[in-house]
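Asks: Questions regarding the structure given below will be posed in turn.
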Amino acid sequence: MTKIVLISLLTLTTTFAQNGPPPPPCYANGNVGAGGVVGTGHYFSGYNGSMINFSFKLGTDMAGVEFNDVLVLYLATGHPGRSVIDNTVDDSADGYRIAITNSNVNGFGSTITFPVDFEATHAIAIDSNSGGLYAIPNNGPIGNGDLVFVNSVNSTLVSNTQEIFEISFDAVDIGLSANDPFMLVGVYVSHTGFTYDEGYGDGIASNTQGSDDISFSGIPNQSACWNTLSIDALENTTIGAYYYDNALHVNGLYDTVEIKSFDLLGRKLFSENHEIYGQKSIPMPLKKNQFQFIVIENSVMKKVIKVIPRSN
């Protein structure tokens, strides 16, 4: 399903770091069976050294839409994994394992078939309380507790109405090294295994729900929306920043910065301090259709960008 989005960014006063302009986001599939909380969202992602970072935008800006269930991301790392999650994979030890395995303990079990050449080795389960990385055994039946908890993914999601959140984890946690490629697909599912039609990757039919099966036919085009920050770029003194979808996205910094915005008359409209570890997406609603300056500054660097946020 093709989704057209108006981008808020107008122009930048300075160029980005060595790696060039930021990539576009990876869009979700556009389905709205759960109100669009995941299906109308997107993510930005990339490596910072060996750390893998994702910044997610949810559809919770729509009236009454809340993130009350679990976003499951299945990762294919190139190591042996599973091409299908079926009735031999049924871990109901807790709500996260139920969501990952689409457990049938509550009668909602679904079969999830991954795209050609996609073998899931790991899964990430995120809700508004926690986010964890799990290893999926590549053969044999999987029962209660057999999904192996690997590590936290440092989720910043703490509210079911929060629009933007981040996760991060080390590539070594999924058996990779810095800048190694991997693939993913995602599905939104309840803690009881009830499947929705919202997710990442092609093939989830609109109105899929409950125990309906899913057959993914494609993955998000990571090559187009993945941003690698090399060690050289991190050591460069250039701040990478852009304004998109009511948020300021900053990368290439490990520091505390002051972020301010001003109108053409020099009046301060916004001021906050933020700690940034590689990259951060900061909600920052600005007045629509008005020329404004955003200043990002720490003790040794300053960056100024010009934006005119557009009305949708």
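The values are calculated or read from the model by the stated rules, or taken from the named source; none is laboratory data. Quick caveat: nothing in here was measured; it's all calculated off a predicted structure. Because the Cβ atoms are built from the backbone with ideal geometry, glycine has one as well, and the counts that use them run over all protein chains shown. SASA here: full protein model, heavy atoms, side chains in, ligands and nucleic acids out. Shrake-Rupley method; radii C 1.70, N 1.55, O 1.52, S 1.80 Å.
Asks: Just to be sure I understand the filter: pairs with C-beta atoms under 6 Å, separated by 6 or more residues or on different chains, first member in region 91-113 and more than 11 Å from GLY193 (Cβ to Cβ), second member small (Gly, Ala, Ser) and surrounded by fewer than 16 Cβ atoms within 10 Å (Cβ to Cβ). Which pairs pass?
Replies: Note: pairs meeting the criteria are ALA93/GLY145; THR113/SER215.
Asks: Considering region 92-113 alone, what residues qualify as being open to solvent by 10 Å² or more (accessible area, probe 1.4 Å) and not in a helix (DSSP H, G or I)?
Replies: SER92, ALA93, ASP94, ASN104, VAL105, ASN106, GLY107, PHE108, GLY109, THR111, THR113
Asks: I'd like the full set of residues that are in contact with a strand residue (DSSP E or B) (Cβ under 8 Å, 6 or more places away or on another chain), among the basic types (Lys, Arg) and within 23 Å of ASP61 (Cβ to Cβ), limited to region 263-312.
Replies: LYS280, LYS287 - these are the residues of region 263-312 that are in contact with a strand residue (DSSP E or B) (Cβ under 8 Å, 6 or more places away or on another chain), among the basic types (Lys, Arg) and within 23 Å of ASP61 (Cβ to Cβ).
Asks: Please give the number of the condition GLY266 fails out of (1) on the phi < 0 side of the Ramachandran plot; (2) assigned to a loop (DSSP other than H, G, I, E, B).
Replies: Condition (1) is where GLY266 drops out.
Asks: Could you check, for region 14-24, whether at least one of its residues is surrounded by fewer than 22 Cβ atoms within 10 Å (Cβ to Cβ), at pLDDT 85 or above and either more than 19 Å from VAL189 (Cα to Cα) or in contact with a Ser or Thr (Cβ under 9 Å, 6 or more places away or on another chain) (or both)?
Replies: No, the conditions are met nowhere in region 14-24.
Asks: Continuing with this model, one more query. Among the residues of region 68-89, is any under 26 Å from THR208 (Cα atoms), assigned to a loop (DSSP other than H, G, I, E, B), of a type in the set (D, E, K, R) and open to solvent by 10 Å² or more (accessible area, probe 1.4 Å)?
Replies: Looking through region 68-89, at least one residue is under 26 Å from THR208 (Cα atoms), assigned to a loop (DSSP other than H, G, I, E, B), of a type in the set (D, E, K, R) and open to solvent by 10 Å² or more (accessible area, probe 1.4 Å).
Asks: OK, next. Among (1) more than 30 Å from LEU248 (Cβ to Cβ); (2) surrounded by 21 or more Cβ atoms within 10 Å (Cβ to Cβ), there is one condition GLY131 misses while meeting the rest; what is its number?
Replies: (1) is the only condition that GLY131 fails.
Asks: Quick check on region 283-297. Is at least one of its residues under 12 Å from ASP245 (Cα atoms) and assigned to a strand (DSSP E or B)?
Replies: yes
Asks: When only residues in region 48-74 that are in contact with a strand residue (DSSP E or B) (Cβ under 6 Å, 6 or more places away or on another chain) and hydroxyl-bearing (Ser, Thr, Tyr) count, which is modelled with the highest pLDDT?
Replies: TYR74
Asks: Next up: Which ones in region 156-175 are at pLDDT 95 or above and crowded, with 20+ Cβ neighbours inside 10 Å?
Replies: Result: PHE169, ILE174.
Asks: Tell me, which residue of region 244-295 that is open to solvent by less than 10 Å² (accessible area, probe 1.4 Å) and farther than 25 Å from PHE54 by Cβ is farthest from the chain's Cα centre (by Cα)?
Replies: Per the stated criteria, the residue is GLN292.
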